[in-house]
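Following: one structure in C-alpha cells, then a few remarks.
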Amino acid sequence: MTADLQAWEGRSETLRDAITAAPINGLAATLDRDDPKAGEGSELPPLWHWLYFLPQARQSEIGADGHPRRGGFLPPVPLPRRMWAGGRLAFRAPLRVGDAVERRSRIESVTHKQGRSGDLVFVLVKHEVHGPAGLAVTEEHDIVYRGAPQPGDAPPAPQPAPRDATWSREIVTDDVLLFRYSALTFNGHRIHYDRQYVTEVEGYPGLVVHGPLIATLLADLVRRERPDAVMTTFSFKAVRPTFDLHPFRVHGRPTADGRSVDLWASDHEGWLTMHATATLQQR
C-alpha cells in the first residue's frame, strides 16, 4: 500500500481565491458572536482562512461518503474513514476582506502504520497562504485514514481532561450547527449531517462534530478572553471524536506571562477530545 501512495509525495497544487465578507459574517453567526458586520478591509480572524480555497468537485465526482472521490491532489488511500487529525499554523501577516489570495499546497509525506484497529495512513500536507503583503499563513495539515469498524473493536482508552481551566465555555451542538458549518466550508462529508449513514455505515453513535470547528471554537475562546492579543501560532491535535448527542466544552489556561495559552476541549463525561496551544503577542 505505502509504496504506491508515496508516489504522491511532492505533489503540489496552487489555488486562488478572494477574501469576501459573506463567509466571515456567516461563521460569526454560527459561532454566536456579536461582531459588527465584516466589510472591505475587515481582518480575518485566526483559522478563518478555512472558509476559502474550498473543494468544488462536481456532483458526479462525489464518493459514497460525501467527499470527492479519492485521487487527484490527495492520494487514493483505500481506507473508508478519513479524519482531520490536527495541524500546526503560524500567522505571519493579516488577511483582509478584499484581498486576492493564493494557497500553495504540497504533499509532504504519506506514512502507513498498523494501529490497534488495523491499518492507518497519515498524510501530511503543507499549505502556504499568500496575500498582498506576501506570506500570511503557513499550515501543516494532518489527515488520517482508517479502516471500517469491525465487530468487537475496543475504542482507545479515554484521557481525562484537565480540570484547572481559567476560561470555559459550553457549546450546545446539534445537527443545525453542524449543517451550517458544513455549508460554510462546502464540506459534503456525510458523518456531519447524515445520521443514518454515520451510525449504520461508519459505526459512530451520532453525528461527528468537525475537528476544524472545535479548533476554531478553541481559537475563538482566546479571542473572547484576550481581545488585546494577536495570535501568532496555533497547533492542535484531535484526541477523541465528539458527537452531537450532548453539549461539550472548550477551555483555556494562559501562562503566567500571558504569552501562550493551553487549550482543550472535553466531552460531557469530562474526557479530553482535543488539545491545542496558542502563542500570543500584545496588539
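The values are calculated or read from the model by the stated rules, or taken from the named source; none is laboratory data. Fair warning: this is a prediction, and the values are worked out from it, not measured in the lab. With ideal geometry, Cβ positions are generated from the backbone for all residues, glycine too; neighbour counts draw on all protein chains shown. Remember, those area values only see protein heavy atoms, side chains included, never the ligands or the DNA or RNA. Shrake-Rupley method; radii C 1.70, N 1.55, O 1.52, S 1.80 Å.
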Completion exercise
The correct count of residues that are within 19 Å of the chain's Cα centre (by Cα), open to solvent by 20 Å² or more (accessible area, probe 1.4 Å) and among the aliphatic types (A, V, I, L, M) in region 226-271 is 2
Handout entry: Matching residues in region 151-173 - criterion: being open to solvent by 50 Å² or more (accessible area, probe 1.4 Å) and of a type in the set (Ser, Thr, Tyr)
Key = Thr166, Ser168
Practice task
Could you grab the pairs with beta carbons closer than 6 Å, sequence gap of 6+ or different chains, first residue in region 133-152 and closer than 17 Å to Asp119 by Cβ, second one basic (Lys, Arg)?
Solution key: Tyr145/Arg82; Arg146/Arg81
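So, in region 191-207, exactly how many residues are surrounded by fewer than 21 Cβ atoms within 10 Å (Cβ to Cβ) and either in contact (Cβ under 8 Å) with a residue 40 or more places away in the chain or not charged (D, E, K, R) (or both)?
10
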Fill in the blank from the handout: Expected single match for at pLDDT below 95 and basic (Lys, Arg) among Arg33, Arg11 is Arg11
Problem - Filtered residues of region 68-99 (kept if outside any strand (DSSP E or B) and free of Cβ contacts under 8 Å to residues at least 12 places away in the same chain) - result: Arg70, Gly72
Fill in the blank from the handout: In region 51-66, residues that are open to solvent by less than 30 Å² (accessible area, probe 1.4 Å) and either at pLDDT 95 or above or in a helix (DSSP H, G or I) (or both) total 3
Problem - Residues of region 113-150 classified as surrounded by fewer than 16 Cβ atoms within 10 Å (Cβ to Cβ) and among the small types (Gly, Ala, Ser), total - result: 6
Fill in the blank from the handout: Arg104 meets each of (1) under 26 Å from Phe53 (Cβ atoms); (2) of a type in the set (Lys, Arg); (3) not in a strand (DSSP E or B) with one exception, condition (3)
